[in-house]
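Taking it in order: structure first as structure tokens, then the write-up.
Here, each number is a calculation from the coordinates, and none is a lab measurement. Just so it is clear, the structure is predicted and the values come from calculations on it, not from any experiment. Every residue, glycine as well, gets a Cβ built from its backbone with ideal geometry; the counts of neighbours run over all protein chains shown.
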């Protein structure tokens, strides 16, 4: 394989947030968000100290109104008196005036272009004049905020969320990566033209594939425009436990491995300090490179901004339109059932598909037997692409960097390779969580773009059952194959109106058998209805002690007393699902 091409990863602009430097050559910074009531100064200060003690380099608080902003000022003062100098970020939605006040007190202000001055659900059609009027209104308010930030040395985060775009942007782009990037670019362009560069940008989604596509497109558009501001990475509403951790790493790790991202937050429906060890593991294990053997944004045999899986020829349920197959030693046929069983005997390793047994075949350009071919990245991908007949290529690569594997696949698909490719990777990590995160990040880089037709994950220190479960869940987290109930759950913050961890556990207990359904549990209406955009059902806090239930994007049962909400959710699912 020709590996002479070298892509030099561009560096984002350096931005200072208090004493923390983001972007440029600086390490990726780990951050979290408090979930206390910001107005409760004592509780918020205590949690800030715990999050900082866990290792966070920056901490965000929700600021719904002036009361919370003023309380946050007290929190910063009290924390400083107790030796904590970590930068504090105010999270502002809907009220530009609150952002102006926060810029006087906090070290950084996060605003959402989708609700800074506009509504996310107002109109479906805009004339060109109306479209430009909305942009001009944003510009005037943003320039006021920039002036306030400049005066007080405050940084700004332009934070776009999938599902909460303004109706003006939705009317033109829909709920797409292009809409998210257009929303961010409007605000970044205003900042750039105002010569204000203390700016960080984020594009987040609970859909890992869409999140990765959006960030890639964002980087491409910033480079094209001649500015490159630091990126905050995160998968929203990823849930809790090992599943939430896997989903987060599937979205974050591929971007870091391709040189994108300057600060990260792992959003878990758990105590905020639990997020920090996961985020630190991600930054240690998936370091940003100085160079790559390919350009992740250009000259690829697929579009990096759209999911368009390379076409392969189907063979024994692998390739074609089939979802990626799972190869596993797990022979106890309970759900989920692997597609291929690994059979070991005196002749070596075989693969069993139903009653069909495949044995490995050394490849030759003249070989036409229907067998599987064991190869690695030392093999010529162009020669493999030319082999006639029907084959499954098993790329057995326990050690090669996954970016080198992607470079190999680029050459294979450039040569019009049509044999389905399965990646076999063997791990030796004995810690279950670390093993899961490593495998999820590495496979995620390839699965996000649909480059694999199967996965074969092995770890001799783990049970076959767990290796099998992990394979299926990585496919689910990367949006390739749904094999269990999908939960979209926010990590909670000061706006949350109930004990979201307890509710998520209760919902999971009653619905975990509903394979294929996506169920959202959201703390409030600020991002809830938008961030659960692709959920089948939603449980959203609407007021103190009240819950609104959604079917898709439609609120169908409003302001239900919380004590009845779970049963009403189950009734709603029963009414609509067979």
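When only alpha-carbon atoms are used, what values of Rg and Dmax, in angstrom, describe the stretch 126-253?
Here Rg and the maximum Cα pair distance are 15.5, 49 Å.
How much FRET efficiency would the formula 1/(1 + (r/R0)^6) give for residue 43 and residue 558, where r is the Cβ-Cβ distance and R0 is 22 Å, rounded to 0.05? Walk me through the intermediate numbers first.
On the way: r = 30 Å, r/R0 = 1.38.
That gives a FRET efficiency of 0.15.
What angle do you read, to the nearest 10 degrees and between 0 and 90, between the alpha-carbon axis of helix 41-54 and the longest principal axis of the chain?
It is inclined by approximately 30 degrees.
For the stretch 1-85, report the convex hull volume of the alpha-carbon atoms normalised per residue, in Å³, without decimals.
Values: hull volume 12.2 nm³, N = 85.
Given the Cα convex hull of the stretch 1-85, per-residue volume reads 143 Å³.
How far, in degrees from 0 to 90, does helix 128-152 lean away from the longest principal axis of the Cα atoms of the chain, to the nearest 10?
70
What is the Cα coordinate range of the stretch 204-273 on the first, second and third principal axes, sorted by size from largest, in whole angstrom?
40, 22, 18
Let me know the volume per residue of the alpha-carbon convex hull for the stretch 325-477, in Å³. It would help to have the intermediate numbers written out before the result.
Details: hull volume 17.3 nm³, N = 153.
Dividing the Cα hull volume of the stretch 325-477 by its residues yields 113 Å³.
From the Cα trace of the stretch 46-146, what convex hull volume per residue do you get, rounded to a whole Å³? Don't skip to the answer; put the middle values down first.
Working: hull volume 10.6 nm³, N = 101.
Dividing the Cα hull volume of the stretch 46-146 by its residues yields 105 Å³.
Output the 0 to 90 degree angle, nearest 10, between the alpha-carbon long axis of helix 464-477 and the longest principal axis computed from the alpha carbons of the chain.
50
How far is it, in nm, from the label point at residue 329 to the one at residue 308 when both lie 7 Å from their Cα along the line to the Cβ?
4.1
Between residue 136 and residue 416, what FRET efficiency follows from the Cβ-Cβ distance if R0 is 56 Å, with the result rounded to 0.05?
Numbers: r = 50 Å, r/R0 = 0.88.
The pair residue 136/residue 416 has a calculated efficiency of 0.70.
Taking 8 Å as the Cα distance limit and 6 or more residues as the minimum spacing, I'd like the relative contact order of the chain as a percentage.
On the way: 1242 pairs, mean separation 75.9, N = 578.
Result for the chain is 13 percent.
Could you calculate the FRET efficiency of residue 127 with residue 104 from 1/(1 + (r/R0)^6), where r is the beta carbon distance between them and R0 is 45 Å, rounded to 0.05?
Working: r = 37 Å, r/R0 = 0.83.
Efficiency, rounded to the nearest 0.05: 0.75.
Contact order normalised by length for the stretch 325-477, with contacts defined as Cα pairs under 8 Å and 6 or more residues apart; what percent is it? Let's see the in-between values first.
On the way: 254 pairs, mean separation 34.6, N = 153.
Across the stretch 325-477, relative contact order equals 23 percent.
Considering only DSSP beta bridges with both partners in the chain, what is the antiparallel share in %, to the nearest 5?
Numbers: 25 of 81 bridges.
So the antiparallel bridges in the chain amount to around 30 percent.
Return the inverse of the average 1/r over all pairs of distinct C-alpha atoms in the stretch 235-280, which is the Kirkwood hydrodynamic radius, in Å to one decimal.
Values: mean 1/r = 0.0940 Å⁻¹.
Mean inverse Cα-Cα distance, inverted, gives 10.6 Å.
Stick to the Cα atoms of the stretch 28-269, pair each with every other, and give me the Kirkwood hydrodynamic radius in Å at one decimal.
Values: mean 1/r = 0.0549 Å⁻¹.
Taking the inverse mean of 1/r over all distinct Cα pairs, the stretch 28-269 comes out at 18.2 Å.
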